[in-house]
Amino acid sequence: DAKTTQPNSMESNEEEPVHLPCNHSTISGTDYIHWYRQLPSQGPEYVIHGLTSNVNNRMASLAIAEDRKSSTLILHRATLRDAAVYYCILRDRSNFGNEKLTFGTGTRLTIIP
Amino acid sequence: GAVVSQHPSWVICKSGTSVKIECRSLDFQATTMFWYRQFPKQSLMLMATSNEGSKATYEQGVEKDKFLINHASLTLSTLTVTSAHPEDSSFYICSATRQGRYTQYFGPGTRLTVL
C-alpha cells in the first residue's frame, strides 16, 4: 500500500472547524483514500472514504486534491467527543477482497474546551 | 450499522497461562476477520487475517504457534495467546468485513495484562 504522511498532532477549539491534512504523493489510480479514527481505549471507527470527488457524510467531509496527492478531512464543528487519533489510509480497490489495512501513526487531535 | 463485539474487554492473567479472546460480528456475516495488536502510544499492527473455514494468514514476525486464530463460523473468530508472557501485554483489536463490502468494522478491543 502507498504511504501517507500526517502531522503527529493538532489542536482545535471546541465548536470550530478542524482541517486534518494527509499527504499521499505516491497514490496510485486504484487507491481509495480512507479515514478512520480511534477514540481513547477503543477500536478504530470508519469516518469516510473517497476516490476523486469530495465526499460528505454525517460525520465529516473529505476534500481531495485534484492531483489526488493530498486530502483533507474536515470536521465542521468539533466537539470534545471528536478528540481522537485520526488515520488516513490508502486502500487499493484492485485488491477487492484483500481488505488489509495498514495504519500509520495518525494525527492526535486535541479539542480545547 | 455493523457491530463487532469482543470478549472479554479486559483480562489479567499469570505468565505461562493461555488466554482466549473472542470476536463476534453481531448483525452481519463476516467473511474476513482481522486481528491487530496495539502497544501504548503506538499505532495498530496487523497480526493476522482469517477467513471462515480456512487457516489464518499471519504477518511477518507473528508467531502462529503462539497466537492461535480460529475462524469457525461467519460470525466468530477467536485469538488464543498461548503461554502468555508480560511482553504480550497489549491492546488486541479485531475487525471484520462483510462480503462484497469495503468498509472494515472494528471491535472495542481487549486489554490483556500478563503478570
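The values are calculated or read from the model by the stated rules, or taken from the named source; none is laboratory data. Just so it is clear, the structure is predicted and the values come from calculations on it, not from any experiment. Positions of Cβ are backbone-derived with ideal geometry, glycine not excepted, and every protein chain shown enters the neighbour counts. We work out accessible area using only protein heavy atoms, side chains counted, and drop any ligands, DNA or RNA first. Shrake-Rupley method; radii C 1.70, N 1.55, O 1.52, S 1.80 Å.
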**Request:** Consider B:Thr32 carefully, then state whether it is farther than 21 Å from A:Trp35 by Cα, among the β-branched types (Val, Ile, Thr) and under 15 Å from the mean Cα position of the chain (by Cα).
**Result:** no
**Asked** So A:Thr30 clears everything in (1) β-branched (Val, Ile, Thr); (2) touching a His at 6+ places or on another chain (Cβ under 7 Å); (3) farther than 29 Å from B:Ser90 by Cβ except one condition, right? Which one?
**Response** (2)
**Fill in**
Counting only residues that are on the phi < 0 side of the Ramachandran plot and assigned to a loop (DSSP other than H, G, I, E, B), the range A:13-45 contains a total of 15
**Candidate set: the range A:28-56, residues that are among the hydrophobic types (A, V, I, L, M, F, W, C) and in contact with an Asp or Glu (Cβ under 9 Å, 6 or more places away or on another chain); chosen: the one farthest from B:His7 (Cα to Cα)** = A:Leu51
**Complete:** Flagged pairs (Cβ under 9 angstrom, 6 or more apart or on separate chains; first in the range B:57-70, without any contact (Cβ under 8 Å) to a residue 40 or more places away in the chain; second open to solvent by 80 Å² or more (accessible area, probe 1.4 Å) and charged (D, E, K, R)) are B:Tyr58/B:Lys64; B:Lys64/B:Lys55; B:Leu68/B:Lys20; B:Ile69/B:Lys55
**Asked** How about the range B:99-114: which of its residues are surrounded by fewer than 19 Cβ atoms within 10 Å (Cβ to Cβ) and modelled with pLDDT under 95?
**Response** B:Gln99, B:Gly100, B:Arg101, B:Tyr102, B:Thr103
**Qualifying residue in the range A:88-105 (condition: more than 15 Å from B:Gln104 (Cβ to Cβ) and at pLDDT 95 or above)** = no
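Results for (1) more than 11 Å from every other protein chain (Cβ to nearest Cβ); (2) in a loop (DSSP other than H, G, I, E, B); (3) touching a helix residue (DSSP H, G or I) at 6+ places or on another chain (Cβ under 9 Å); (4) open to solvent by 20 Å² or more (accessible area, probe 1.4 Å), shown as yes or no for each residue.
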residue	(1), (2), (3), (4)
B:Thr17	yes, yes, no, yes
B:Thr31	no, no, no, yes
B:Lys41	no, yes, no, yes
B:Gln60	yes, yes, no, yes
B:Lys64	yes, yes, no, yes
B:Leu68	yes, no, no, yes
B:Ser77	yes, no, no, no
B:Tyr92	no, no, no, no
B:Ala96	no, no, no, no
**Request:** Scan the range B:1-15 residue by residue and report those that are in a loop (DSSP other than H, G, I, E, B) and open to solvent by less than 80 Å² (accessible area, probe 1.4 Å).
**Result:** B:Ala2, B:Val3, B:Pro8, B:Ser9, B:Ser15
**Asked** Does B:Leu115 meet the test of being touching an Asp or Glu at 6+ places or on another chain (Cβ under 7 Å), more than 14 Å from A:Pro44 (Cβ to Cβ) and among the aliphatic types (A, V, I, L, M)?
**Response** no
**Selection from the range A:19-44 of residues that are modelled with pLDDT of 95 or more and charged (D, E, K, R)** = A:Arg37
**Request:** Can you work out which of the residues in the range A:39-65 that are within 12 Å of another protein chain (Cβ to nearest Cβ) and open to solvent by 70 Å² or more (accessible area, probe 1.4 Å) is nearest to the chain's Cα centre (by Cα)?
**Result:** A:Arg58
**Total residues in the range B:43-53, condition out of contact with any Phe, Trp or Tyr (no Cβ under 8 Å at 6 or more places or on another chain) and surrounded by 13 or more Cβ atoms within 10 Å (Cβ to Cβ)** = 2
**Fill in**
Of A:Thr72, A:Thr26, A:Thr4, A:Thr30, the only residue that is open to solvent by 80 Å² or more (accessible area, probe 1.4 Å) and in contact (Cβ under 8 Å) with a residue 24 or more places away in the chain is A:Thr26
